[in-house]
Amino acid sequence: MIKWKKFKVTKLPAQKSPSRFAGMEASKVAEKSARAKFGEAPEYMGMSQKSMTDLAAESYAMKAENKMFFRTLKKELKASRQRTAAGVKGLRSTNKPVSKIALKKAKDKGALKALGAAETKSQAAFTKITQRYTDRAKASMFKDRSIVVKPRKINQESLAAMGLEDRTVSGMRGRTYKTFKNTARGDFNIFKPKKRK
């Protein structure tokens, strides 16, 4: 037989539900902020005041983004160089040699990290400003939207069915007679020694 334990039930007080006019209020706040910052937006043929305000907000956000990017990059690079210098100093104090290649790699790594930090901070500033003055968060035009494409593996049976299977081809290339491996991905010199990694 299962014995059920008695649980103490705590009644929560009535919660305040979000207002259905919250979106309208946010829009009004954004409009008020934009008017205070940019003044009354002029009207041009084919463009409303709202469009003009949005353009002004985006332009201002872009300027602020650029300023934030270079300021942050300068700051982060300085900090990165100091860290690299401290690391090199520490290694030299223990009589360990520091190669030029290792030093260059450390500097490159620090610079890339600084660039990433500057990009993140400046793009966040752009989004924040556009949301403040237009009530719509917009991503920066400098945001990296690239996707890493994975190399596709081609089935040899499918290639053979299309008449594109690997074959060895010999022929004149320039003034020399060469033998190549002809594949769907291109021609490869089968006698050329492979580079060591």
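The values are calculated or read from the model by the stated rules, or taken from the named source; none is laboratory data. Keep in mind it's a predicted model, so treat the numbers as computed, not measured. Positions of Cβ are generated from backbone atoms using ideal geometry, with glycine treated the same way; all protein chains shown enter the neighbour counts.
Out of the residues in region 1-26 meeting the condition of being among the hydroxyl-bearing types (Ser, Thr, Tyr) and modelled with pLDDT under 80, tell me which one is surrounded by the most Cβ atoms within 10 Å (Cβ to Cβ).
First, the residues of region 1-26 that are among the hydroxyl-bearing types (Ser, Thr, Tyr): 10, 17, 19.
Of the ones still in play, those that are also modelled with pLDDT under 80 are 17, 19.
Numbers: Ser17: 6, Ser19: 9.
Looking at residues that are among the hydroxyl-bearing types (Ser, Thr, Tyr) and modelled with pLDDT under 80, I get Ser19.
Every residue, every condition in (1) of a type in the set (Ser, Thr, Tyr); (2) at pLDDT 95 or above; (3) not in a helix (DSSP H, G or I), yes or no:
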| site | (1), (2), (3) |
| --- | --- |
| Glu58 | no, no, no |
| Thr72 | yes, yes, no |
| Thr84 | yes, no, no |
| Val88 | no, no, no |
| Arg92 | no, no, no |
| Pro97 | no, no, yes |
| Lys109 | no, no, no |
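Taking the numbered list (1) polar (S, T, N, Q); (2) buried (at least 16 other Cβ atoms within 10 Å of the Cβ); (3) modelled with pLDDT under 85 in turn, Ser51 passes all entries but (2). Within region 155-170, the set of residues being assigned to a loop (DSSP other than H, G, I, E, B), aliphatic (A, V, I, L, M) and at pLDDT below 70 comprises just one member, Leu164. For the subset of region 27-43 comprising residues that are surrounded by fewer than 16 Cβ atoms within 10 Å (Cβ to Cβ) and of a type in the set (Asp, Glu), which member is farthest from Ala137 (Cα to Cα)? Taking the candidates together, the pick is Glu43. For region 111-154, how many residues meet the condition of being more than 30 Å from Thr183 (Cα to Cα) and either among the β-branched types (Val, Ile, Thr) or modelled with pLDDT under 80 (or both)? Number of matching residues: 5. Looking only at region 73-114, residues that are crowded, with 16+ Cβ neighbours inside 10 Å and within 16 Å of the chain's Cα centre (by Cα) come to 3 in all.
Determine which member of the set Ala86, Ala114 is more than 30 Å from Lys37 (Cβ to Cβ) and touching a residue at least 12 places away in the same chain (Cβ under 8 Å).
On the way: Ala86 fails: touching a residue at least 12 places away in the same chain (Cβ under 8 Å).
None of the other options fit; the residue is Ala114.
Looking at region 128-147, which of the residues that are under 22 Å from the mean Cα position of the chain (by Cα) and surrounded by 18 or more Cβ atoms within 10 Å (Cβ to Cβ) is farthest from Asp54 (Cα to Cα)? So, considering only residues that are under 22 Å from the mean Cα position of the chain (by Cα) and surrounded by 18 or more Cβ atoms within 10 Å (Cβ to Cβ), the one farthest from Asp54 (Cα to Cα) is Ser140.
Answer yes if at least one residue in region 171-191 is on the phi < 0 side of the Ramachandran plot, part of a helix (DSSP H, G or I), charged (D, E, K, R) and at pLDDT 70 or above, and no otherwise. Checked region 171-191: no residue is on the phi < 0 side of the Ramachandran plot, part of a helix (DSSP H, G or I), charged (D, E, K, R) and at pLDDT 70 or above.
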